Structure formats: C-alpha cells, structure tokens
1. Within the stretch 56-83, how many residues turn out to be among the polar types (S, T, N, Q) and either out of contact with any helix residue (DSSP H, G or I) (no Cβ under 9 Å at 6 or more places or on another chain) or surrounded by 15 or more Cβ atoms within 10 Å (Cβ to Cβ) (or both)?
2. Hey, among the residues in the stretch 84-115 that are out of contact with any helix residue (DSSP H, G or I) (no Cβ under 7 Å at 6 or more places or on another chain) and not in a strand (DSSP E or B), which one's farthest from Leu33 (Cα to Cα)?
3. Give me the residue from the stretch 12-37 that is touching a Gly at 6+ places or on another chain (Cβ under 8 Å) and crowded, with 18+ Cβ neighbours inside 10 Å and, out of that set, farthest from Ile81 (Cα to Cα).
4. Does the stretch 8-31 hold any residues that are of a type in the set (D, E, K, R) and part of a strand (DSSP E or B), and which are they?
5. Regarding Ser71, is this residue under 30 Å from Gly136 (Cα atoms) and among the small types (Gly, Ala, Ser)?
6. Give me the residue from the stretch 38-55 that is assigned to a loop (DSSP other than H, G, I, E, B) and of a type outside the set (Val, Ile, Thr) and, out of that set, surrounded by the fewest Cβ atoms within 10 Å (Cβ to Cβ).
7. Here are the criteria: (1) in contact with a strand residue (DSSP E or B) (Cβ under 6 Å, 6 or more places away or on another chain); (2) at pLDDT 90 or above. Tell me which single one Thr92 does not satisfy.
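The values are calculated or read from the model by the stated rules, or taken from the named source; none is laboratory data. Computed from a predicted structure; not experimentally measured. Here the Cβ is made from the backbone with ideal geometry for all residues, glycine too, and neighbour counts use every protein chain on show.
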Amino acid sequence: MGVSSITHTSQYLSFMLEDEVFALDISKVREVLDYTAVTKVPRTADFMLGVINLRGSVVPVVDMRLKFGLSRTEKTVNTCIIIVEVGIDGETTVLGALADSVQEVMDLDPDQIEPPPQIGTRLKTRFIKGMGKRDGHFIIILDIDKVFSADELTAAEEMANKSSL
C-alpha cells in the first residue's frame, strides 16, 4: 500500500528512535507495554533481543534501533515495547518492537503525507509508507509488513516456538 492509496484520514501511533519520530498504522498495533525483562535466545540476529511472556504467549522482541542501523536502545523510564501484528504471505506474526518512547496516537490527512524519498537503488526505503508532515516536522510512517523479511519473520516464529517448549 503506497501513499497514493491513503485516501482518508488515518490514525497512527508515533514513537521515537533516537531523535527521529516514526509512526505505525494504529490498526497494526495491539498494545504498548512498559519495558520488561527480555529473555535472550542464542544464535539470533543482533536486532532480535529475545522473547517476552505476554499473558502466556511467547512474543519475540526486536530492537528497532538496531534493525534500522542505529545504536542499541538504552533502557530508560520511557523505553517501551509496542506489540504489533506483522503480515507476510497471508500469515500474521505478533512481534514486540522496542522503542525509546511512545508519543501519541495522531490523525494524519492524505494531504499531510508525502511519498517516501527515492534515494537511489542502494538505500532500500520500501518499508517507508510515507513521510507525514505535522507542525513543521517529518514523521516517518512505516509499513510494518515490509520492515521485516519473510526469513526474519520465520526466524522470529522459530525463536518463539523454541522458547515455549
């Protein structure tokens, strides 16, 4: 779904990674949790922090800063885990996305959203749904279904399944 398919006002959950504001379509967000202890799982990608127990379910947690090539998230009182539903190939996977802080749920009209930047072919921006404009600042709107590859989601599911045995 590209920016051209955004034809009505949509709600987004905004959150911080370093000094940048990102946003997710609210329909992809299940809940936001305070940071909790994450159980490490050996031999996983650096950005895969481990798993948490969410009411009896094992949920993989991803450090979104590391996923985007930033520095590791430093835990503070504002650090939180955004529980999201990621869809790929008709399957839905529940993941925890570690963020520096959650800002707000906001409405953005189609005229407040620009197409993602085209930065040559080397920098992959296909996971950016658009660039929101609000109060003179940009908000990077993520297409959470495209942030993770099928292989990464399979690895996350396997990590959750191993941890629940």
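1. Initially, the stretch 56-83 is screened for residues among the polar types (S, T, N, Q), giving 57, 71, 73, 76, 78-79.
If we keep only those that are either out of contact with any helix residue (DSSP H, G or I) (no Cβ under 9 Å at 6 or more places or on another chain) or surrounded by 15 or more Cβ atoms within 10 Å (Cβ to Cβ) (or both) as well, we get 73, 76, 78-79.
So the count comes out to 4.
2. By that ranking, first place goes to Asp111.
3. To start, the set of residues in the stretch 12-37 that are touching a Gly at 6+ places or on another chain (Cβ under 8 Å) comprises 12, 23, 33.
Subset that is crowded, with 18+ Cβ neighbours inside 10 Å: 12, 23.
On the way: Tyr12: 16, Ala23: 14 Å.
Residue satisfying both the conditions and the ranking: Tyr12.
4. Within the stretch 8-31, the first condition is being of a type in the set (D, E, K, R), and the residues that meet it are 18-20, 25, 28, 30-31.
Of everything in the stretch 8-31, those that are of a type in the set (D, E, K, R) and part of a strand (DSSP E or B) turn out to be Glu20, Asp25, Arg30, Glu31.
5. Details: under 30 Å from Gly136 (Cα atoms): yes; among the small types (Gly, Ala, Ser): yes.
So Ser71 passes the test.
6. If we filter the stretch 38-55 for residues that are assigned to a loop (DSSP other than H, G, I, E, B), which is where we start, we get 38, 40-47, 55.
If we keep only those that are of a type outside the set (Val, Ile, Thr) as well, we get 40, 42-43, 45-47, 55.
Working: Lys40: 9, Pro42: 7, Arg43: 7, Ala45: 15, Asp46: 9, Phe47: 18, Arg55: 5.
Residue satisfying both the conditions and the ranking: Arg55.
7. Unmet condition: (2).
For every residue, the table says whether it meets (1) modelled with pLDDT of 90 or more; (2) among the aliphatic types (A, V, I, L, M).
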| site | (1), (2) |
| --- | --- |
| Gln103 | yes, no |
| Gln112 | yes, no |
| Gln118 | no, no |
| Ile141 | yes, yes |
| Thr154 | no, no |
| Ala160 | no, yes |
| Leu165 | no, yes |
